[in-house]
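Novice: Pasting a structure here, questions to come.
The values are calculated or read from the model by the stated rules, or taken from the named source; none is laboratory data. Just so you know, these numbers come straight off a predicted model, no measurement behind them. With ideal geometry, Cβ positions are generated from the backbone for all residues, glycine too; neighbour counts draw on all protein chains shown.
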Amino acid sequence: MKETIDFLLRHGYAVLFVFVLAEQVGLPVPALPVLLAVGALAASGQFGFAPALAVAVVAAIAADLGWYELGRRRGHSVVNLMCRVSLEPDTCVRRTEDTFARYGLRTLLFAKFIPGLNTVTPPLAGMVQTPMGRFVLHDAAGAAIWAGAFMGLGYLFSTELERVAAHAVQLGGGLFVLLAGGLACYIVWKYVQRKRLFARLRTSRIAPEELKRQMDAGNPPMIVDLRHSIDLDVDGFRIPGALHMKPAELERRHGEIPRGREIVLYCT
């Protein structure tokens, strides 16, 4: 434990920058323990709270600006790519778009507290062509709130954190094995769920070329366009004859879908 604290004292600002940057890029590197540790060390006067907060904010902005620019240049493909590597890709895209449509740039003020949302929001802001100045302003505020909250907790509960760290040292490698095993089981379970879902979806999919042939032949199926309004605005195209609604509206508006016809649900 002493070696860890000594390492933080020698390289603390650099470690903080790297961990925050890595987490905001999307790597499975948790910055929370480092933020708490830096806050606890600041309480004992071994770190400057304000300089550490500034380092964390700069690291977050650096990562988010990269995703913002990719979203601005590559559009929805970047958001889909990021969500595809998540454990719940479909809800990742839909939840992010719904939240951004509701709160706009204010989403950046709390996005970093929500796993998944924090990484996907910057490219989504770029995708909808948010001015860079406004993006940086809101992103910096959100990063300051996020980093300041956890560093503040470390500052306020520095004594308790020292006790927790001491108990963790006593448990030794057993605690690490237990936590790693639990995380591995959760990831495997979610992966198996995804594979089963994709297997079911593959049995009922229709290729775009086949759908186009049916439409050209004059006997098209009923197409229900479930894309989010953000996708419609960005893509700029509509499917002829399609009925557009949100997935949450299916139960309420199902009467608008004619019976006796093949139905194709389209979503991004």
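Novice: Of the residues that sit in segment 106-134 and are farther than 17 Å from residue 61 by Cβ and not in a helix (DSSP H, G or I), which one is nearest to the chain's Cα centre (by Cα)?
Specialist: Filtering segment 106-134 for residues that are farther than 17 Å from residue 61 by Cβ and not in a helix (DSSP H, G or I), the one nearest to the chain's Cα centre (by Cα) comes out as 116.
Novice: Right, another one. Given the condition among the charged types (D, E, K, R) and at pLDDT below 70, answer yes or no: does some residue in segment 215-222 qualify? Talk me through it step by step, then tell me what you get.
Specialist: Applying the first criterion (among the charged types (D, E, K, R)) to segment 215-222 yields 216.
Then drop every residue that is not at pLDDT below 70, which leaves none.
Checking segment 215-222: not a single residue is among the charged types (D, E, K, R) and at pLDDT below 70.
Novice: Kindly provide the set of residues from segment 122-141 that are touching a residue at least 60 places away in the same chain (Cβ under 8 Å) and surrounded by 24 or more Cβ atoms within 10 Å (Cβ to Cβ), ordered by number.
Specialist: 124, 127, 139
Novice: If you take the residues of segment 1-35 that are crowded, with 16+ Cβ neighbours inside 10 Å and assigned to a loop (DSSP other than H, G, I, E, B), which of them is modelled with the lowest pLDDT?
Specialist: 26
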